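The values are calculated or read from the model by the stated rules, or taken from the named source; none is laboratory data. Small disclaimer: the values here were computed from a predicted structure and weren't measured. Quick reminder, even Gly has a Cβ in these numbers, built from the backbone with ideal geometry, and neighbours come from all protein chains shown. All accessible areas refer to the heavy atoms of the entire protein, side chains included, with ligands and DNA or RNA removed. Shrake-Rupley method; radii C 1.70, N 1.55, O 1.52, S 1.80 Å.
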Amino acid sequence: MRLATALAACAIAGLVLAPAPWLVSDFALSLTLSCLMYVGLAVSWAMFSGATNYLSLATAAFFGIGAYVTAWGHGTLPYAVAVPLGGLAAALFAAAIGAAVLHLRGAYFAVITFGLGELVRHAITYGEKTWARTVGRVISDPPATETVYLVVLALALAAVATAAAVRASRFGLALAGVGSDEERARTLGVNTRLVKTGGFALAAFFAGALGAAVAVRWTYIEPASVFNPFIGFQTVLIAMVGGAHTLAGPIASAVVFSVLTELLRLQFPYAYLIVLGALLILLVLYLPGGLASLLERWKWRQRHA
Amino acid sequence: MGFWLELIASGLITGGIYALVAIGLNLQYGLMRIMNISHGEFLMLGAYLTWLAHTFAGVNPLAFLPVVALALFGAGLLVYRLCFRRIARTSPAVELIEARSLLVGFGLMYLVQNAAYLVWGADLRGYSFLAEPVEIMGARFTGNRLAAFGFAVAASLFLIAVLRWTLVGKAVRAMMQSPAGAQLVGIDTAVLHPVVFGAGLALAGVAGGLLSMVYEITPAMGEPYTVTALIVITLGGLGSAAGCLAGGLLLGVVEALGMHFTSPSLKMLLSYAVFIAVLLARPKGLFAR
Amino acid sequence: MSIARFGGILSAVALAAACLPAAAQEAPVRIGYAIARTGPWAAGAQLTQEPNYIMWADQVNAAGGLNVKGRKRKVELVGFDDRSEAETVVRTYEKLMGSDKVDLILPPWGTGANFAVMPLIQKYGYPMIAPTATGRRLLGMKNPYFFAILQQPDRMMEALAEFLKARRVETAAVIHVDELFGLEQYTGLEAAFKEKGIRIIEKKTYPLGVKDLKPVLNDIKAKNPDAFIALSYPPDTFLVTAQAREIAFNPKAFYAAVGTAFPIYRDKLGPAVEGVMGLGTLNPKSSPAAKAYFDAHVAKHNKEPDRWASAHAWAALQVLEQAVAKVGLDRKALRDAIATGEFDTVIGKVRFKDGENVTTPGVVSQWQGREFEVVWPPDKATAPALFPKPAWR
Amino acid sequence: MPEPVLSARAVTVRFGGLVACDGVDLDVRAGELVGLIGPNGAGKTTFFHALSGVLAPDAGRLIVGGADLTGRPAHVFARHGVARTFQTPRVFRDMTALENVRFGMEFAGRSRVHAHDAFDDPQAILGFLGLGEAAAVPAGALTPARQRLLEIGMALAARPRVLLLDEVAAGLTHAELEASAALIRRVRDELGVAVVWIEHAVRVLMDQVERVAVLHQGRKIADGDPRAVARDPAVVEAYLGEEIEPQRLAA
């Protein structure tokens, strides 16, 4: 039932949002695209990290790997092929490192995933410089904004639909078991290693595909910008502020956060980050359950009215 | 022979700087599970305070460090009172303290960094102090780097000693193992928590003050230092003062040797590879308890 | 100081507002841009670029407005922080050109950000004259709306090679940062040195964010090259200078790239900078116009501009101003005017060919006392070169 | 004699220099109810960790239903029909009681030849345990005693051949204790599941089981009929100084 609702909501959102390039202003479109990018990143992050409590800081690495696939394929691979390929490359990377590091817990896991991201970034920088005598690639004829927008929309909706399907599935139950008590889940027959690696790779797929889809907008793809750790930090921030164990929380948070940051930036061009920081602190202190808890509270009131 | 001495010493000194950057965060995270991601921002504040005092009032930066420490200690008490106390009290599990303090840290990072932009502007700042080379056994080092290294080692040894041999240290270690248990045996966490948090910021501030003699400063300088600190403390083992020092020194020496034997371009690759290899072999860091 | 800068914006806006009743029929010319006020790009952007925009808008408005084909109209700057993020750069320019439809745009800071707006300026047809974008790859995109006013890497490196050749330098050691900038500079340097017969006896590269280069410098010192050249970014420029001094590595020529031209380089390192050469283009002694520019900048912002690209940011605004005076705000005509005209600016005569400023020659500068003197080419020199470099102080 | 469903051969587990289990043998046959006792620190829980695959033994073999699972991870043991509870109850606190039981059924319970298929429905298991009305309650909100019961339910949902119970009686009132003991007998009698039961309350355990094994300092020192074991001088010796007096042990 809940899965069906979620999928229907995705379909409706798709129908509503798809014609945007022909209806709204360039800026509104651009802002929507930003929101969708963070919806996709935050939802896919929460799908794994929210469920399992393995706080991954590898999002920037997945994003960058995806971006580099489009960069390398530019001119030979069509955009529509490069994007899923970027996702696949990130997923493969996640599966490979997941097998090695998914026994680490807590801060150790967070920091090592960050370290692995930096390792890839420096490896790519070094490899490019040594063998291709370049740092960064130019995308000489990027796809049209409409195309990028539609692809990002499709990816964001696919991430949400996948997250909903995972939550309703045995796989999702296993992930939740890992998050709650990993050893207990194992003694009840869950191959936790496989489940964790699979979940990590699935989340990575979306981050990679989004990197492949979005970075073409920047014309110049270089390690410093596509492996920007802030992309990863911001994703974690959004998902956790929304409520990482929920589905609706990260979505709402991605939209609120992107729009709010943008409005503040345009309104208070010099002090907006102070306002944003203060809001963030107040939110955590006085709404510790995240945005999702607002929704739950509202539902509870409805039921008990 | 002098060459090798210089190479290793140079690595150790850079490693000492890495450790220096990490000591304060190690205290906060290791002892209270407060993942203060705005650590680098407070380091930046320490750097700016020292720069201001030296550039506009001509104060000797070394002599000014106690003032920086005190100012940031005070700021730490305030920040703890305003943000982290509530988190520590309302979070039912230690994982939640960790997660929520991470988010508050992000908020503080935005806030403090932007305040610095408004007050001091984005320009690079810096001054020259103790920049003259000192010759030690045929190798040459600048005084400011030596000072930073010396402070890192001294502060680490001091912390190791305090944690191991004093009553306060025993209380802090008890708190580290079980915050609830600590309360049961009569340790007043209501006093100890803010003090440890304040001490963490004070150490960050002193580190910033020392680094302002060596490197340039900008409001954006904090984030890379936070990353360095995180790497160093996980490498050493969270909460271990000895691990923090050893982790920093190890990275510094690996980088120096790597730069000599391979290419400086591989330096980052090497240090991350060493970091990852250590964690794979010892999932709780070098000095895991 | 940013308070001053903030005040600048306020006064620009206030001036524009104050003039509204008088010029009710004539709306201000809206000029949009995104630039880094926060994040890692901010230090460069706030030194070299945005202060010039603010000062220019002030001066233009104080003089009664921008001459738009004979009619004076006030200028209103619409500037936003790009957070040092490519995506924010793109989004902001889509807003400025696509939604707000500002009259003109000014470029963001840095090569990466300029790359990011390349397709947009072509799509919306806004000419852009970039003072802080370097690299053949940018020009290789053959974007008709893009103009690079700063001397390109190969040109600067040729000047350096000529200078060193004239001083009979035979060997050089080079380090460069693993970034497009370092790589392009090095490519230019390698070609120029080959032509002049200067041997590169050691070449090392290093990543961004390095905190210690002593082991590399020690290795290079052992090889005793005549010249040492660091194609570096600001943090490493400072680092390499301090550490060369630390180990008493004192080649006949010591050159570092970005950051040597910053006043803070001299202020932080003090007398140690004496004789250090670097990427600089002009100084107040270069011409009366340059002197006037430097003085006005100090008066306005209470800080000196750098001696590399700041004046180019100013010159880009002068080019724009002169083109607008000639053809007005029709952007196609404006583009053609910029592409074909010759302009009198603070950096001298400027003419573009295929988007590149082809009139300003490559230059080598050197710190002597408190000034970054131009020492090459001879006809641009403001002082004779100190060669060999004096010992570190 | 039927084949043992679970067979431990010379299982040894070391922690650094400490030998927690030292060459322990144990055979458990279908439908058997075996008690496992020993003074504090005897290595009982460590032995359970080895039997359920939570810890890989340093030496020895573990055979489940004829398959050698030595060194395999815990989920393989679970899929071969070894289910267990923990000394302090470990339930999935944020999931409801029903979801907790469903969890066992979805994984271990699905992927092997069923030893018992008395329950197809998690609700029926909750009913069997007397937790029927708590189905929708988050497990973390149950009392510790009910969490213990729920843990048994999770284990039963895995359709085990052998159930390892680690101290079900701790902290229970006398009446609750009797009820738990009765429940464990029913599990064995009605479902035919072999049970190995660690209990600190030795007397209750002795009343219920047909066979008891005694661990002391990591070694098995006795294994057999409870009354015979209680009179074993080695066992009496081992328990000297413990809170349980030898006479009462034999009572």
Could you sort the residues of segment B:265-285 by number and keep only those whose accessible area is reduced by 40 Å² or more in the all-protein-chain setting relative to the chain alone, 1.4 Å probe?
-> B:SER265, B:MET268, B:LEU269, B:TYR272, B:ILE276, B:LEU279, B:LEU280, B:PRO283
For helix C:111-124, report the angle its Cα long axis makes with the longest principal axis of the Cα atoms of chain C; keep it between 0 and 90° and round to the nearest 10°.
-> 30 degrees
Starting from the Cα gyration tensor of chain C, take the square roots of the eigenvalues, sort them a ≥ b ≥ c, and report rounded, prolate or oblate (rounded when a/c is under 1.5, otherwise prolate if a/b is larger than b/c, else oblate).
-> prolate
Two-site FRET efficiency, B:LEU52 against B:ARG81, from Cβ-Cβ distance with R₀ of 25 Å, rounded to 0.05 | 0.45
Within the accessible area of the protein assembly as shown (1.4 Å probe), percent carbon and sulfur | 62 percent
Counting alpha carbon pairs within less than 8 Å and at least 6 residues apart, what relative contact order, in whole percent, applies to segment D:89-159?
-> 56 percent
Evaluate the charge dipole of segment D:89-159 about its Cα centre and quote only its size in Debye, nearest 20, assuming +1 on the Cβ of each Lys and Arg and -1 on the Cβ of each Asp and Glu.
-> 260 debye
Per its Cα gyration tensor (rounded if a/c is under 1.5, else prolate when a/b beats b/c, else oblate), chain B is best filed as oblate
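Ordering C:LYS101, C:LYS332, C:LYS142, C:LYS303 by accessible area with a probe of 1.4 Å, largest first, what comes out?
C:LYS142, C:LYS101, C:LYS332, C:LYS303
How much accessible area per residue does segment B:83-180 have, counting only protein heavy atoms and a probe of 1.4 Å, in square angstrom?
Per residue, segment B:83-180 has an accessible area of 44 Å².
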Tell me the label-point distance for the pair A:THR134, B:GLU132, using the 7 Å Cα-to-Cβ offset, in nm and rounded to one decimal.
-> 5.1 nm
Where D:GLU106, D:GLU178 fall by accessible area, highest first, once all protein chains stay in place (1.4 Å) | D:GLU178, D:GLU106
Considering only protein heavy atoms, what per residue accessible area in square angstrom results for segment C:122-241 with a 1.4 angstrom probe?
-> 32 Å²
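Taking 32 Å as the cut-off for C-alpha to C-alpha distance, list the pairs among B:LYS267/C:LYS300; C:LYS95/C:LYS211; B:LYS267/C:LYS268; B:LYS170/D:LYS220; B:LYS267/C:LYS291; C:LYS204/C:LYS291 that go past it.
Numbers: B:LYS267/C:LYS300 43 Å; C:LYS95/C:LYS211 39 Å; B:LYS267/C:LYS268 27 Å; B:LYS170/D:LYS220 40 Å; B:LYS267/C:LYS291 44 Å; C:LYS204/C:LYS291 38 Å.
Where the Cα-Cα span goes over 32 Å, the pairs concerned are B:LYS267/C:LYS300; C:LYS95/C:LYS211; B:LYS170/D:LYS220; B:LYS267/C:LYS291; C:LYS204/C:LYS291.
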Using alpha-carbon coordinates, inclination of helix B:222-236 to the longest axis of chain B, degrees = 80 degrees
Plugging the Cβ-Cβ distance of C:LYS349 and C:GLU170 into 1/(1 + (r/R0)^6) at R0 = 25 Å yields, to the nearest 0.05, a FRET efficiency of 0.10
In the A-D interface, the accessible area buried, summed over both sides, Å² (probe 1.4 Å) = 1900 Å²
Cα Rg, Dmax (largest Cα-Cα span) when computed across segment D:89-159, Å = 11.0, 34
What accessible surface, in Å², does a 1.4 Å probe find on C:THR187, ignoring ligands, DNA and RNA and rounding to the nearest 10?
-> 70 Å²
Per-residue average of other protein chain Cβ atoms inside 10 Å, peptide C:117-126 -> 3
Buried accessible area between B and C, both sides, 1.4 Å probe, in Å² rounded to 100, is 3300 Å²
Cβ neighbours within 10 Å from other chains - mean over B:10-17 | 3
Accessible area buried at the A-B interface, both sides summed, 1.4 Å probe (Å², nearest 100) | 3700 Å²
Accessible area (Å², per residue) of segment D:89-159, counting only protein heavy atoms and a probe of 1.4 Å | 39 Å²
What is the magnitude of the charge dipole of the protein assembly as shown about its Cα centre, with +1 placed on the Cβ of each Lys and Arg, -1 on the Cβ of each Asp and Glu, and no other charges, expressed in debye to the nearest 20?
-> 1100 debye
Between helix C:153-166 and chain C: long-axis angle, C-alpha atoms, 0 to 90°, nearest 10 | 40 degrees
What is the spin-label model distance, in nm, from B:ALA281 to D:VAL137 if the labels are put 7 Å beyond Cα along the C-beta direction?
-> 5.1 nm
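For C:TYR126, A:TYR270, give me the order by solvent-accessible area with a 1.4 Å probe, most accessible first, ignoring ligands, DNA and RNA.
In descending accessible area the options line up as A:TYR270, C:TYR126.
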Phi-derived 3J(HN,Hα) across segment C:200-206 with the Karplus relation (6.51, -1.76, 1.60, θ = phi - 60°), rounded Hz, x for Gly and Pro, is 8, 8, 8, 9, 10, 10, 9
Given the rule -39500 (n - 2.57) for each run of at least 4 DSSP H residues, summed and divided by the residues of chain C, what is its mean residue ellipticity at 222 nm, to the nearest 500 deg cm²/dmol?
-> -12500 deg cm²/dmol
Using label points projected 7 Å from each Cα along Cα→Cβ, tell me how many nm separate D:ALA10 and C:THR359, to one decimal.
-> 9.5 nm
Whole-Hz couplings from phi, Karplus 6.51/-1.76/1.60, listed for segment A:142-150; x for Gly and Pro | x, x, 5, 3, 4, 4, 4, 4, 5
On the formula 1/(1 + (r/R0)^6), with r taken between the Cβ atoms of A:ALA9 and D:THR88 and R0 of 35 Å, the FRET efficiency rounded to 0.05 is 0.30
Hull volume per residue for segment A:3-303, using the convex hull of the C-alpha atoms, in Å³ is 150 Å³
